[in-house]
1. Can you pull out every residue in segment 1-27 that is surrounded by fewer than 17 Cβ atoms within 10 Å (Cβ to Cβ), at pLDDT 90 or above, within 26 Å of the chain's Cα centre (by Cα) and assigned by TED's automatic domain parsing to the domain that holds THR72?
2. Can you give me the number of residues within segment 34-44 that are under 21 Å from the mean Cα position of the chain (by Cα) and under 25 Å from GLU98 (Cα atoms)?
3. Considering only segment 11-37, state which residues are outside any strand (DSSP E or B) and touching a Leu at 6+ places or on another chain (Cβ under 9 Å).
Amino acid sequence: MKVPIDKIEFDQRGLIPVVVQDANTRQVLTLAYMNPQSLKRTIETKETWFWSRSRSCLWHKGETSGNTQRVTEILVDCDHDALTLLVTANGPACHSGEQSCFHNELQEADGLHDDQVAARESDLGAVLNELYALIGLRKHQRPAGSYTSYLFDQGLDKILKKVGEESSETVIAAKNQDSEALVAELSDLLYHLIVLMVERGLTLDEIRDELVRRRKKETAQ
């Protein structure tokens, strides 16, 4: 359902809480607040603007750091008094340099989510999303000694060369009927394909949507 902006319920201070999530991985990046003016600017510019409660002023995320957030969707909760923003992040969300502001664990909750972690690690889609997010972070930060940083520093031609090499090695492993080697080569190929996607600005969602479109076309025949 489409909710008109005049139906948004701001609190007595004129603010509304906003959960910011990565549009690709759905990782929660930060929790911030908006007033009517910052919400309007966010809609107009398609980048996140918030209200700073400590400084009592508007602030444009990434204005000084360059870590802007491109808004792809704004979701309104059932009571119209909270928002979720899906964004494409150009760098870390947290001032500490972490990808998400929620990077600390509560000490008393150790082991609470072991089952959830195990389930996430067994989900190929979740693993690919996390890998995509990490590779995107490496492209932005370029940490020294990182192989992913090296690939981005070398540019598209180097990345394409590696995709070609890994494709050939995958074919060889398959022809040799070596299952263990094939798994390793396929994993290398997937990694380099994701590096290529990040370099060219493609998302996993675009690949998913194309596969879904093909599946629907196939089943309709």
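1. PRO17, VAL19
2. Count: 1.
3. Of everything in segment 11-37, those that are outside any strand (DSSP E or B) and touching a Leu at 6+ places or on another chain (Cβ under 9 Å) turn out to be ALA23, ASN24, THR25, ARG26, ASN35, GLN37.
Yes/no per residue for (1) modelled with pLDDT of 80 or more; (2) surrounded by 10 or more Cβ atoms within 10 Å (Cβ to Cβ); (3) of a type outside the set (D, E, K, R):
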| residue | (1), (2), (3) |
| --- | --- |
| LEU86 | yes, yes, yes |
| CYS94 | yes, yes, yes |
| ASP110 | no, no, no |
| ASP123 | no, yes, no |
| LEU151 | yes, yes, yes |
| ILE159 | yes, yes, yes |
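The values are calculated or read from the model by the stated rules, or taken from the named source; none is laboratory data. All of these numbers come straight from a predicted model, not from anything done at the bench. Please note: Cβ atoms are built from the backbone with ideal geometry, for glycine as well, and neighbour counts cover all protein chains shown.
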